[in-house]
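> Provided herewith is a single structure, encoded as structure tokens, for subsequent inquiry.
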Amino acid sequence: DAKTTQPPSMDCAEGRAANLPCNHSTISGNEYVYWYRQIHSQGPQYIIHGLKNNETNEMASLIITEDRKSSTLILPHATLRDTAVYYCIVSLAGNMLTFGGGTRLMVKP
Amino acid sequence: DAGVTQSPTHLIKTRGQQVTLRCSPKSGHDTVSWYQQALGQGPQFIFQYYEEEERQRGNFPDRFSGHQFPNYSSELNVNALLLGDSALYLCASSNLGLSSYNEQFFGPGTRLTVL
């Protein structure tokens, strides 16, 4: 599975959009981009995934560059409850998830 | 619809002992994966079970073993416990046979402390 690179931490003001970047320059053509988040002491929570196209659901939007070497997770209106560690993972469908260090997002009032 | 459940919530063992952790997958899911998360680290993949067989395995010693039952529930066994086995053990379920992308749903975890 391809490796990912994320900034270790980010801050965001409550009510503003949070844009979390991820680099995955070695991604292969059939690998998906998954985003999970983990709120302190809880199990990781699935947010969104994509292969080539941009995706949106009730939680977030995922923007994948045309060359698929990077992506951005967008939380459109961050709340205090969005404070968590966000993991960007690249993996084949059905395969194990390889978690890196993630980005610790702090949403501030 | 219950999500992924794990038992027990917390467990304290001493070095050299053996432990069994249990996981019930989300309804409709047929695949169970186990992860170990040390304090301050991201989860590390242990193994995945599908159709009662170990389908994939991470870089963990043979002291870590598992089982999947016909109802898709699963157990994780760890023998000869070491202090370094202290961690949060996470179970995740998915539907390998149905989904083309296979997002995994995680349980709350079992916190194992080895003294």
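> I'd like to know if the stretch A:2-23 contains one or more residues that are open to solvent by 50 Å² or more (accessible area, probe 1.4 Å) and either within 11 Å of chain B (Cβ to nearest Cβ) or touching a His at 6+ places or on another chain (Cβ under 6 Å) (or both).
No, because not a single residue in the stretch A:2-23 is open to solvent by 50 Å² or more (accessible area, probe 1.4 Å) and either within 11 Å of chain B (Cβ to nearest Cβ) or touching a His at 6+ places or on another chain (Cβ under 6 Å) (or both).
Okay, residues lined up against (1) more than 24 Å from A:S91 (Cα to Cα); (2) part of a strand (DSSP E or B):
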| residue | (1), (2) |
| --- | --- |
| B:S65 | no, yes |
| B:P70 | yes, no |
| B:L76 | no, yes |
| B:L90 | no, yes |
| B:L96 | no, no |
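> Select from the stretch B:12-69 the residues that are in contact with a Gly (Cβ under 8 Å, 6 or more places away or on another chain) and among the basic types (K, R) and list them in ascending order.
Listed by number, the list holds a single entry, B:K26.
> Would you mind stating whether A:S61 is open to solvent by less than 50 Å² (accessible area, probe 1.4 Å) and more than 21 Å from A:G15 (Cβ to Cβ)?
Considered against the rule, which asks whether it is open to solvent by less than 50 Å² (accessible area, probe 1.4 Å) and more than 21 Å from A:G15 (Cβ to Cβ), A:S61 comes out as no.
> Taking A:E55 and the conditions (1) surrounded by fewer than 13 Cβ atoms within 10 Å (Cβ to Cβ); (2) free of Cβ contacts under 8 Å to residues at least 12 places away in the same chain; (3) within 14 Å of another protein chain (Cβ to nearest Cβ), which numbered condition does it fall short on, given that it satisfies the others?
(1)
> Further, regarding this structure: Can you name the strands (runs of 3 or more DSSP E) wholly within the stretch B:1-56 that have at least 1 residues being touching a residue at least 60 places away in the same chain (Cβ under 8 Å)?
Because the criterion is at least 1 residues that are touching a residue at least 60 places away in the same chain (Cβ under 8 Å), the strands (runs of 3 or more DSSP E) in the stretch B:1-56 that meet it are B:5-7, B:10-13, B:19-24, B:31-37.
> What pairs come out if I take residues in the stretch A:31-52 that are free of Cβ contacts under 8 Å to residues at least 40 places away in the same chain and facing chain B (nearest Cβ under 8 Å) and pair them with residues that are open to solvent by 10 Å² or more (accessible area, probe 1.4 Å) and not in a strand (DSSP E or B) whose C-beta lies under 7 Å away, six or more apart or interchain?
That search, which allows pairs on different chains as well, returns A:Q42/B:P108; A:G43/B:P108; A:Y46/B:E103; A:H49/B:Y101; A:H49/B:E103.
Okay, residues lined up against (1) within 14 Å of chain A (Cβ to nearest Cβ); (2) open to solvent by less than 20 Å² (accessible area, probe 1.4 Å); (3) of a type in the set (A, V, I, L, M):
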residue: B:L21; (1), (2), (3): yes, yes, yes
residue: B:Y49; (1), (2), (3): yes, yes, no
residue: B:E54; (1), (2), (3): yes, no, no
residue: B:F69; (1), (2), (3): no, no, no
residue: B:S93; (1), (2), (3): yes, yes, no
residue: B:E103; (1), (2), (3): yes, no, no
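The values are calculated or read from the model by the stated rules, or taken from the named source; none is laboratory data. As the structure is a computational prediction, the values presented were derived from the model and not from experiment. Note that each Cβ is placed from the backbone with ideal geometry, even for glycine, and that neighbours are counted across all protein chains shown. Accessible surface areas use protein heavy atoms only, side chains included; no ligands, DNA or RNA. Shrake-Rupley method; radii C 1.70, N 1.55, O 1.52, S 1.80 Å.
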